[in-house]
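To start, the structure under review is shown below, and the notes come after it.
The values are calculated or read from the model by the stated rules, or taken from the named source; none is laboratory data. As the structure is a prediction and not an experimental result, all values here were calculated from the model. Backbone-built Cβ (ideal geometry, glycine too); neighbour counts: all protein chains shown.
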Amino acid sequence: MTQKELIEQLAKRTQTTKAEAKKNLEALSEILTEALQNGERIKLPGLGTFDIQKSAARKGRNPRTGAPLQIAAKNKVRFKAGSELSEKVY
């Protein structure tokens with residue numbers, strides 16, 4: 001599903017305009033992003049949980065040259081589906 005399709009479905013189900021649905025989706029995205037940047041865990045009952053997973057620095061290899069290189073530590077966004085969503089999808 002594309003963002004455009006999601007906005008259309010959101011507008012239809014909430015009986016609002018596409019512009020309002022887009023504004024609400026953008027606001028939700030900003031809220032989720034800010035919360036994750038602050039290290040918060042986001043639990044959405046019936047859907048799942050978003051959190052940050054820290055990836056440690058590690059050694060790697062350049063696939064072209066085979067030369068060793070250091071891969072920096074970084075944060076990754078992780079989503080774990082809740083049991084209700086998992087049951088409906090799987």
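I'd like the full set of residues that are loosely packed, with under 11 Cβ neighbours inside 10 Å, of a type in the set (A, V, I, L, M) and within 24 Å of GLY39 (Cβ to Cβ), limited to region 65-90.
Result: ALA72, ALA73.
Filter region 25-64 down to residues that are small (Gly, Ala, Ser) and in a strand (DSSP E or B) and give me whichever is surrounded by the most Cβ atoms within 10 Å (Cβ to Cβ).
Step by step, filter region 25-64, then rank; the result is GLY48.
Only one of these is at pLDDT below 95 and at positive phi: GLY48, GLY39. Name it.
When all the criteria are applied, what remains is GLY39.
Look at GLU20 and say whether it is modelled with pLDDT of 95 or more, surrounded by 12 or more Cβ atoms within 10 Å (Cβ to Cβ) and either assigned to a helix (DSSP H, G or I) or over 18 Å from the mean Cα position of the chain (by Cα) (or both).
Yes, satisfied.
Which ones in region 3-62 are closer than 30 Å to ALA73 by Cβ and hydroxyl-bearing (Ser, Thr, Tyr)?
SER29, THR33, THR49, SER55, listed by residue number.
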